[in-house]
1. Inspect the stretch 235-244 for any residue being of a type in the set (D, E, K, R), in a loop (DSSP other than H, G, I, E, B) and under 24 Å from residue 144 (Cα atoms) and give the result as yes or no.
2. Determine which single condition residue 389 fails, assuming it passes every other condition in (1) buried (at least 21 other Cβ atoms within 10 Å of the Cβ); (2) over 23 Å from residue 104 (Cβ atoms); (3) under 21 Å from the mean Cα position of the chain (by Cα); (4) not basic (Lys, Arg).
3. For the stretch 207-221, does any single residue satisfy the condition of being touching a residue at least 40 places away in the same chain (Cβ under 8 Å), under 26 Å from residue 289 (Cα atoms) and in a loop (DSSP other than H, G, I, E, B)?
4. Hey, can you tell me all the residues within the stretch 442-486 that are among the hydrophobic types (A, V, I, L, M, F, W, C), more than 23 Å from residue 425 (Cβ to Cβ) and not in a loop (DSSP other than H, G, I, E, B)?
5. Of these, 323, 310, 304, 285, which one is surrounded by 14 or more Cβ atoms within 10 Å (Cβ to Cβ), under 30 Å from residue 125 (Cβ atoms) and modelled with pLDDT under 95?
6. Quick check on my filter: what residues within the stretch 233-251 are closer than 25 Å to residue 183 by Cβ and buried (at least 22 other Cβ atoms within 10 Å of the Cβ)?
7. Could you check, for the stretch 170-189, whether at least one of its residues is within 20 Å of the chain's Cα centre (by Cα), at pLDDT below 90 and under 22 Å from residue 107 (Cβ atoms)?
8. How many residues does the stretch 86-129 hold that are in contact with an Asp or Glu (Cβ under 7 Å, 6 or more places away or on another chain) and among the acidic types (Asp, Glu)?
Amino acid sequence: MNRLRTIRRAGLLAALALSLAVPAGAAPPGPLGPDRKPITDGWAGAGTPSSLAPPATARGLAAAGAPSGYPITGIDVSHHQGKIDWEEVADKGARFVYAKVTEGVHYVDASFKDNYSGARKNGILFGAYHFARPEKSSGRTQADYFLDRAQYRNDGRTLPPMLDIEWPYRMGGKYVAPSPCWGKSKSELVRFIRDFTGRVFERTGSKTMIYTNPNWWNPCTGRNDDFGDHYLFISSYTDALRGLPAGWDRWTLWQYANHGKLPGDQNVFNGNAAELRSLAANPAGPLPRPVVGDWDGNGTMTPGLVSAEGDTWRWRLSNSLDGTGDPALDFTYGDVAKAPIVGDWDGNGTYTPGTVDAEGKRRDFYLVNAFRSGPADIHTGFGDVADVPVVGDWDGNGTFTPGAVAGGGRLHKWKLTNSFAKPQTDLAFEYGDSGKTPVVGDWDGNRTFTAGTVDMDGERHDFYLTNASTGGPVQVRVGFAAVYTIPLVGDWNGDRTFTPGAIDASGDAGYVWQLSNTLTGTADVTFTYGGTPAAAPAGVAASPAPTASPAPSSSPAATTAPAARP
């Protein structure tokens, strides 16, 4: 079975029942941070129970060097280590590092930028990690928050994105979650991990490095064995490994102590130097992201691909729904550190590019009214940096403006602006289960965009849509396409009504687009655009195969259908 399909379906298997090693509802004791101060955020090993803290043998190992037989050493760090002398780290033999970048959807590590640049400047292979907060939001949402800030590059020097999933930690004397398993059931945790790793694959083409240990994994996931095709970063402060989490028969990295001759946690690689370089080589990714829009102003939405070329996005846009012929437009625009979006920024009926920054305290939008490289025509800020950015025509005047969707509670909190000049919140409401992905579109053809959500679980995608600009109850529910496909929305036939679509990226012949022209869940248009050289349109084949990058969260363009014109 194709790997993407496997990842998508893995979490649908029933988790095996197993009693928790720690009594249900009891929070495990936790240590101080590496700086010996109270923990204020998660870090690799932050929640390790004291019963598993480094014994004297592990401390001896840390002082004496890495476990015998594993000469390739490295570290993992966060802001707890303070300012690091990366030249000294390299001189002392570290070959790789993982550095914390995010936690949940509320925290960015202040030292990440310095750690990223310092390690790379000194020739150390670099990877970014995310500390999971399953009680806060979905795995998909957290993966986007992480990847928007992780500076992942397919350059042969970047390690696979890492998910740190383990026990809750203490903050202010209290644990941040009610139980060792974050107050979640086994199946809920499996779904979180599946959604996170699936999203990483969609956006980067890479498997995920999963940091965990059997004492947490086996009881909290019910010994789930669906993730063995991902890389295992095992935490075990012992003189030898005595068992792996369910699903793995081999480990990639081993964190054997939380202090030693180098800053941070001490790790070894299970292989030689050539195999470490191979780990940092991702031949398949990062893969182009699909976007959809009305590129020629004829009222019909058609596909496009956006791929990273160096530090710039390359856009290849088609004006047809049959997947044939050269892309009608091929140009570069935007910094790849920012997420691509599209919309009609000037109300002329044609969709053009933009990007959204994920740094600082707010979302910054850089929008251009042409198909070209160069500076932005519009720069505006709107929404908290932790919010999901969306764009749409909220007042029916034909012009797209920004929006922001915040999770964290039971429902999404929506804030929308109708202006680019000192944007203020013109519409604010709650709509949609925060466990589902937000989408926007014109569901009734009245030229005004309204809210919706897409469920990523089960056997198919379920769209929950409202035609009210103030949220309210679900007015339209429609199921469309298998759950392992990538959901989109758009106006595929020019009737001004937005309907579902999906991309099936599970096959070898190419990427199959399935579009419906109604809200009944029937596929009306099917074609291939992008994928393998044999199946890709001219001008697309030479680039990496496009991957499904779900529209709504990190790539608002794919969720934002064309605005209805007067």
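The values are calculated or read from the model by the stated rules, or taken from the named source; none is laboratory data. It should be emphasised that the depicted structure is a prediction, and the values quoted were computed from it without experimental measurement. All Cβ positions, even for glycine, are placed from backbone atoms using ideal geometry, and neighbour counts span all protein chains on display.
1. no
2. It is condition (2) that residue 389 fails.
3. Yes: the stretch 207-221 contains one or more residues that are touching a residue at least 40 places away in the same chain (Cβ under 8 Å), under 26 Å from residue 289 (Cα atoms) and in a loop (DSSP other than H, G, I, E, B).
4. 454, 463, 476, 478, 480, 481, 482, 486
5. Step by step, each of 323, 310, 304, 285 is checked, and only 285 is surrounded by 14 or more Cβ atoms within 10 Å (Cβ to Cβ), under 30 Å from residue 125 (Cβ atoms) and modelled with pLDDT under 95.
6. Answer for the stretch 233-251, where residues must be closer than 25 Å to residue 183 by Cβ and buried (at least 22 other Cβ atoms within 10 Å of the Cβ): 233, 234, 235, 245.
7. Looking through the stretch 170-189, none of the residues is within 20 Å of the chain's Cα centre (by Cα), at pLDDT below 90 and under 22 Å from residue 107 (Cβ atoms).
8. Going through the stretch 86-129 one residue at a time, the tally reaches 1.
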